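Below: the structure, in structure tokens.
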Amino acid sequence: MPALSRIRVWDLPTRLFHWALVICVVGAYVTVKLGGLWMDWHTRFGMAALALIAFRLIWGLLGPRYARFSQFVRGPRTVLRYLRNDLPPAAGHNPLGACSVIALLLVIGVQASSGLFANDDVLTAGPLAFLSDAWSSRMTWLHNANEWVIITLVGLHVAAIAWYQLVLRKNLVGPMIHGDVPADALEGSPPAQDSWTLRLAALILFAALCGLVWWLTTLAPADDFSFM
């Protein structure tokens, strides 16, 4: 398909965020089930997820057109109109998909944040678990209970992608890999900005957030945190 027949919807930083978060969620789940010394990797994946969620929240405010929350987050009426097939095709997340995005960002953010304070009383403790035993106990309960919420939402997310692919014949995975959609399907939609200047800004932002997350790991007493 010629280049002019496609438009860029997903910028590279947004795409990298998406797949990096997939890796972190799957990695954190697998390593916590393996347990033992794999818990060090569980913590690493959790810390990386925390930096990624913080990046996406900022990128949702300052990033390119289709990455911004203001472009795709809509109210209940718009979601109902979409379900009734009463809206024209639009680039980026559809109103129902937006609900999924916000829900996943919320529950994964809660999981990563609560992990800062969680403590399994065996080998692994979050970098801030030492601040309060009572608070750590509550956050550990939340961290464990929220796992099932994540599993449910991820399952629904994957099922929706499969539905779009198999029933509606709409590929949602491809654009999240290469960033483009057919222009004739979204007539009049402007392309997203995806310049190297923007990519460099995203890299600097994410590096700063990674530095902040790493700093959190230095706050724990050496004996209480297995991340290092």
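The values are calculated or read from the model by the stated rules, or taken from the named source; none is laboratory data. Please read all numbers here as calculations on a predicted model, not as lab measurements. Cβ atoms come from the backbone with ideal geometry, glycine included; neighbour counts cover every protein chain shown.
Quick look at the numbers
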{"item": "Leading residue by the ranking (nearest to the chain's Cα centre (by Cα)) among those in segment 113-133 that are at pLDDT 95 or above and in a helix (DSSP H, G or I)", "result": "S113"}
{"item": "Selection from segment 171-183 of residues that are farther than 13 Å from H93 by Cβ, out of contact with any Lys or Arg (no Cβ under 7 Å at 6 or more places or on another chain) and not β-branched (V, I, T)", "result": "N171, G174, H178"}
{"item": "Matching residues in segment 5-61 - criterion: being buried (at least 18 other Cβ atoms within 10 Å of the Cβ), β-branched (V, I, T) and closer than 18 Å to I108 by Cα", "result": "T14, V25, T31, V32, T43, I53"}
{"item": "Pairs, first under 19 Å from T217 (Cα atoms) in segment 29-47, second outside any helix (DSSP H, G or I), C-beta under 6 Å, six or more apart", "result": "M39/L123; M39/T124; D40/S226; T43/F227"}
{"item": "Long-range neighbours under 6 Å by Cβ, at least six apart or interchain, first residue at pLDDT 90 or above and assigned to a helix (DSSP H, G or I) within segment 62-79, second buried (at least 16 other Cβ atoms within 10 Å of the Cβ) and basic (K, R)", "result": "Q71/R65"}
{"item": "Test: residue in segment 178-197 that is hydroxyl-bearing (S, T, Y) and touching a residue at least 12 places away in the same chain (Cβ under 8 Å)", "result": "yes"}
{"item": "Subset of segment 145-170 (residues that are farther than 15 Å from S100 by Cα and surrounded by 14 or more Cβ atoms within 10 Å (Cβ to Cβ))", "result": "N146, E147, Q165, K170"}
{"item": "Number of positions in segment 81-135 that are aromatic (F, W, Y) and either surrounded by fewer than 13 Cβ atoms within 10 Å (Cβ to Cβ) or in contact with a Gly (Cβ under 7 Å, 6 or more places away or on another chain) (or both)", "result": "2"}
{"item": "Test: residue in segment 13-28 that is within 14 Å of E147 (Cβ to Cβ) and charged (D, E, K, R)", "result": "no"}
{"item": "Top-ranked residue in segment 1-45 [being part of a helix (DSSP H, G or I) and among the charged types (D, E, K, R); ranked as farthest from D120 (Cα to Cα)]", "result": "R15"}
{"item": "Residues satisfying the stated conditions in segment 120-136, i.e. without any contact (Cβ under 8 Å) to a residue 60 or more places away in the chain and touching a strand residue (DSSP E or B) at 6+ places or on another chain (Cβ under 8 Å)", "result": "S136"}
{"item": "Complete set of residues in segment 179-191 that are part of a helix (DSSP H, G or I) and either surrounded by 12 or more Cβ atoms within 10 Å (Cβ to Cβ) or modelled with pLDDT of 95 or more (or both)", "result": "A183, A185, L186"}
